[in-house]
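Comments concern the structure below.
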Amino acid sequence: MSKPDEVLDDDEAVPFLLDLQTTSTAQEREILKSEHSRQLAMDGIALPQTSFDLAYSFVRSPHKRDQEQSLPILLELLSEHPSRSRDCLFYLALANFKLKRYAESRKFNNQLLRLEPQNAQSRQLRSVIEFQVRKDGLAGMAIVGTLVGSCVGLACVIAVVRYVQVEGRERAVLAVWMVGEKLMKRFGWKG
């Protein structure tokens with residue numbers, strides 16, 4: 001499965017991909033947390049830019065717990081500072097994507113696309129979300145198929161063991177052989 005063309009070929013993909021691929025350092029996050037806490041202690045409120053910078057560093061963190069911490073900060077900024085809705089919606093979508101919450105990621109990204117239908121980063125993120133959903137869906141189907149196949153195989157083994165206990169070994173081998181031939185004929189397999 002190839003990555004979406006919109007993500008790979010578009011020259012504007014570089015800034016978006018950097019946000020998705022770069023990480024913030026522990027030192028950067030600590031400095032921003034300290035400044036955020038200092039502002040809260042001093043004035044009872046942190047500046048919107050300080051809060052956004054902290055949330056942005058959390059989104060870019062390699063740690064899921066930090067990515068989780070970005071969500072309430074961004075949601076608060078979104079509700080209290082509508083002028084920041086573009087950035088908040090985008091990074092809410094990105095944080096949820098990194099947390100593999102694709103439905104939430106889609107929801108925030110779609111809100112941004114309603115505000116700015118031509119937003120290149122948001123359109124690229126939409127392609128990446130859809131690609132990941134398809135990829136994870138195929139992996140999930142493969143896992144389910146393997147589990148179903150394993151259960152069927154186990155059921156067959158149990159049936160053979162019980163048949164052997166009741167009917168004897170020779171009759172069980174003959175029954176398994178006959179079932180195998182019927183399955184091969186049914187599915188057109190040649191043995």
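Would you please name the residue that is farthest from the chain's Cα centre (by Cα), looking only at residues in segment 23-35 that are open to solvent by 70 Å² or more (accessible area, probe 1.4 Å) and among the hydroxyl-bearing types (Ser, Thr, Tyr)? It comes out as 34.
For residue 38, the stated conditions do not hold, so it cannot be described as touching a Pro at 6+ places or on another chain (Cβ under 8 Å), in a helix (DSSP H, G or I) and surrounded by fewer than 20 Cβ atoms within 10 Å (Cβ to Cβ).
When segment 52-103 is filtered for residues that are open to solvent by 70 Å² or more (accessible area, probe 1.4 Å) and not basic (Lys, Arg), the ones remaining, listed by number, are 62, 63, 68, 69, 72, 75, 76, 79, 80, 82, 83, 103.
Every residue, every condition in (1) of a type in the set (Ser, Thr, Tyr); (2) not in a loop (DSSP other than H, G, I, E, B), yes or no:
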residue	(1), (2)
29	no, yes
32	no, yes
45	no, no
51	yes, yes
61	yes, no
68	no, yes
72	no, yes
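The values are calculated or read from the model by the stated rules, or taken from the named source; none is laboratory data. As the structure is a prediction and not an experimental result, all values here were calculated from the model. Positions of Cβ are generated from backbone atoms using ideal geometry, with glycine treated the same way; all protein chains shown enter the neighbour counts. Areas reflect the complete protein model, heavy atoms only, side chains present, ligands, DNA and RNA absent. Shrake-Rupley method; radii C 1.70, N 1.55, O 1.52, S 1.80 Å.
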